[in-house]
Each structure stands twice: as structure tokens, then as C-alpha cells.
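Beneath this line is the structure, given in C-alpha cells, with notes to follow.
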Amino acid sequence: TQAPVNVTVTGAAGQIGYALLFRIASGQLLGQDKPVRLRLLEIPQAVKAAEGTALELEDGAFPLLAGIDIFDDAKQAFEGTNVALLVGARPRTKGMERGDLLEANGGIFKPQGEAINAGAADDVKVLVVGNPANTNALIAKAHAPDVPAERFTAMTRLDHNRAIAQLAKKLGVPVTEVKKMTIWGNHSATQYPDIFNAEVNGTSAAEAVGDQAWLENEFIPRVAKRGAEIIEARGASSAASAANAAIDHIYNWVNGTPEGDWVSMGVPSDGSYGVPEGLISSFPVVCRDGSYEIVQGLEINDFSRAKIDASVAELSEERDAVRKLGLV
Ligand code: NDP
């Protein structure tokens, strides 16, 4: 039998963690042939709750779950890890300035980057879910100089999935008919879901919609503000859909994307599409053999260009802010 893959989950006792861990244990993160060993990281006051979740995981008698360890120390939690899911973060609370938010998250993602650098497995893949995800990933990456930069990614897959679902609904087609969706930029309200390069039933999605007003006034804001809509309806942040997207992100990264399609991932820019090198920005990517490549040569019209530039400008500002704080 195969050696288990070590999967570290931070913020394991949180809402997303609760929805995520059972799916990892059931084999949906990596595949049905891959046993996993979970390493859960929590802050000391949440360790007990994580232990409770571990009891429930035990009660699942998951055939692929080879073990669970719980830590309140990042160095230990990332020792030997192959897949690191950085979910725990400091959310913005009322009255909090952006600088304070970035500083608080620097206090989390800097030591985690250092711990990954020090002890993670050579093939480590990192996904940052905790917000502000792109910039938290940038901070972690900056403190892991020995890990190839492209292993640090941020989650825009939930935005990608939301965009597919909204487009499919508008056109009255199953989600499986929508291909080549792209989220560009930051996982924030400035993100740009691009339907000009998307296809429905093999033809241009933008042409199939044929309604620029819907695109500008309904689709884009709906996708970008879906998180707020969920909070309003549910009385709590989206959690299961975020966990689902994290599963999708890693599953595709490890096992590849289907032929004729791509996915969106926040990845360190190589300068493609005019996005400054090093920023962690969302791009269309194809995955194969455990690595990914940014899809090249897509046409970017003026409308898309302006939207991408605005979101990337926000990422540059966030980078400048964490630079000032000495975090990158
Ligand atoms: P959640 O599990 O609901 O969310 C965790 C993070 O994911 C938040 O930063 C949240 O950002 C983010 N997120 C990203 N995308 C989404 C999305 N689409 N929908 C909702 N959230 C999204 O938070 P909880 O408060 O329930 O749990 C957090 C846990 O993390 C706590 O148990 C806490 O103790 C732990 N923690 C652990 C740390 C560590 O391990 N070192 C450090 C800090 C916290 P947003 O707030 O913007 O929604």
C-alpha cells in the first residue's frame, strides 16, 4: 500500500475546517487511492474543539484516514507536510483598519511560511484560504525562500465555481456545459469573472448571453458579492462551499484539469497578461502531473483589461502595505 500523504489544515476547528476535514478523510482531496494523515493546527484556545472534531473523524471509520495529530505549534504542524491548507486567519472585525488586518495576518502567515520552509516535504503544495488570501499567500511565500514560489497559491476557486453556476443558470444549461471560466485578480470585491473567454456548449459564453447590461450590473457584482449574500441569508459565512472549492483546487492541482478546460487559481505572477511579477493573482491555469501552467494567449478586450487592471492595482496596494509593515 501507498504511504499516506500528510495534509496540514490550519484553523481546523473553524467552520470551513469542519466542512473540509470529512471530505479530506473520505478521499475527495487527493483521490480514492491515496491514504491521508491529517495534521491539524489551531490556536491554543481552539485545540479542544479540534480534538472534538478528531473524535468525530475517528467515528467515520474512513478507510483512507491513516491518522490525526493536533498541534498548536506551526513548526510541528508543517513537519513533513505534502499539502498545506491555510484556512485559519484573522477576519476583519468592525472598525478594523486594513493595515491592522494585514498586520494581524502577518503575525499568522509569516511564522507559517517559516515553518513550511523549515519542515515541509520537498513536494509541498500550499493553498491559502484565509482572507485576505492572496496577500496572506504572498506573506507566507516571502518567508519560505527554499520552497519554489509557485507552490504558494490562493483560493479563487469558489469565485470560479460561483461564476460557472450563475452563468449556467442564466443560460438554462447544466454547469457541465460551461467551460473555460476565468477569475482574474484578487479574491475580493474587485475580482473579475471573465465570460469572454468562457465557452458554453463549445461556443462563446459572452455571445450566448448577448447582454452586456446583465454582465455588468448582475453577473459580475453577484459573483463578487456572493459571500455577503450568503451571510445575509444564512446568518453565517459560506463554509461548506468554501471547503468544496478548496477540495476542487487541490484535487485538480494534484490530479490534473480535464482536457479542453481550465480552472482559476491565485498563483505568483510570471508577468503574464501584464500582471506584475510576484503578485499572487488569479489566472486561468491548466494542471498536469502535479504542476500548473498559466493559460497563454487569451484575448483580453478593453472591458476585461480595465477590470483586470483594477483588481491587480488593489493587489499591488496590498503588497505595498505589507512591505511597509516589513512582512514581505
Ligand atoms: P472560517 O472557517 O469560516 O473561515 C476561515 C477563513 O477562511 C477566514 O479568513 C475567511 O475569511 C476565509 N474564507 C475564504 N474564503 C471564504 C469564503 N468563501 N467563505 C467564507 N470564508 C472564507 O472561520 P472560523 O472563524 O469559523 O474559523 C477560523 C478558525 O481558525 C478558528 O478556529 C481559529 O481558532 C482558527 N485560527 C487558527 C490559526 C492558526 O492555526 N494558527 C490562526 C488564526 C485563526 P473571511 O473572514 O473574510 O470570511
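Observations
- For G235, the stated conditions do not hold, so it cannot be described as more than 14 Å from the ligand (Cβ to nearest atom) and small (G, A, S).
- Unique residue being in contact (Cβ under 8 Å) with a residue 24 or more places away in the chain, open to solvent by 10 Å² or more (accessible area, probe 1.4 Å) and basic (K, R) when the list is K110, K94: K110
- Filtered residues of the range 3-19 (kept if of a type outside the set (S, T, Y), near the ligand (Cβ under 9 Å from one of its atoms) and farther than 16 Å from V126 by Cα): A13, G14, Q15, I16, A19
- Among the residues making up the range 118-137, those that are of a type in the set (A, V, I, L, M) and open to solvent by 10 Å² or more (accessible area, probe 1.4 Å) are A118, A120, A121, V129.
- Yes/no for I195 being away from the ligand (no atom under 16 Å from the Cβ) and touching a Pro at 6+ places or on another chain (Cβ under 9 Å): no
- Only one of the numbered conditions (1) under 19 Å from E299 (Cβ atoms); (2) among the β-branched types (V, I, T); (3) open to solvent by 50 Å² or more (accessible area, probe 1.4 Å) is not met by V175, and that is (1).
- Any hit, the range 21-43, residues being within 16 Å of the ligand (Cβ to nearest atom), more than 20 Å from the chain's Cα centre (by Cα) and either open to solvent by 50 Å² or more (accessible area, probe 1.4 Å) or within 18 Å of G119 (Cβ to Cβ) (or both): yes
- The one condition in (1) under 18 Å from I24 (Cβ atoms); (2) charged (D, E, K, R); (3) open to solvent by less than 30 Å² (accessible area, probe 1.4 Å) that D159 fails to fulfil: (1)
- When the residues of the range 238-257 are filtered to those that are at pLDDT 95 or above and assigned to a loop (DSSP other than H, G, I, E, B), the one that is farthest from the ligand (Cβ to nearest atom) is G256.
- Residues in the range 303-319 that are under 22 Å from the mean Cα position of the chain (by Cα) and open to solvent by 50 Å² or more (accessible area, probe 1.4 Å): K307, D309, A310, E317.
- Tabulated pairs, the range 1-22, first within 11 Å of L86 (Cα to Cα), second aromatic (F, W, Y) and outside any helix (DSSP H, G or I), C-beta under 8 angstrom, 6+ apart or interchain: T8/F78
- Taken as a whole, the condition of being assigned to a loop (DSSP other than H, G, I, E, B) and either away from the ligand (no atom under 16 Å from the Cβ) or out of contact with any helix residue (DSSP H, G or I) (no Cβ under 7 Å at 6 or more places or on another chain) (or both) does not apply to E229.
- Checked against (1) open to solvent by 20 Å² or more (accessible area, probe 1.4 Å); (2) assigned to a helix (DSSP H, G or I); (3) of a type outside the set (V, I, T); (4) within 16 Å of the ligand (Cβ to nearest atom), A115 meets all criteria but (1).
The values are calculated or read from the model by the stated rules, or taken from the named source; none is laboratory data. Source: prediction; values computed, not measured. For neighbour counting, all protein chains shown are included, and Cβ atoms are generated from backbone atoms with ideal geometry for every residue, glycine included. The accessibility values were calculated without ligands, DNA or RNA, using every heavy atom of the protein model including side chains. Shrake-Rupley method; radii C 1.70, N 1.55, O 1.52, S 1.80 Å.
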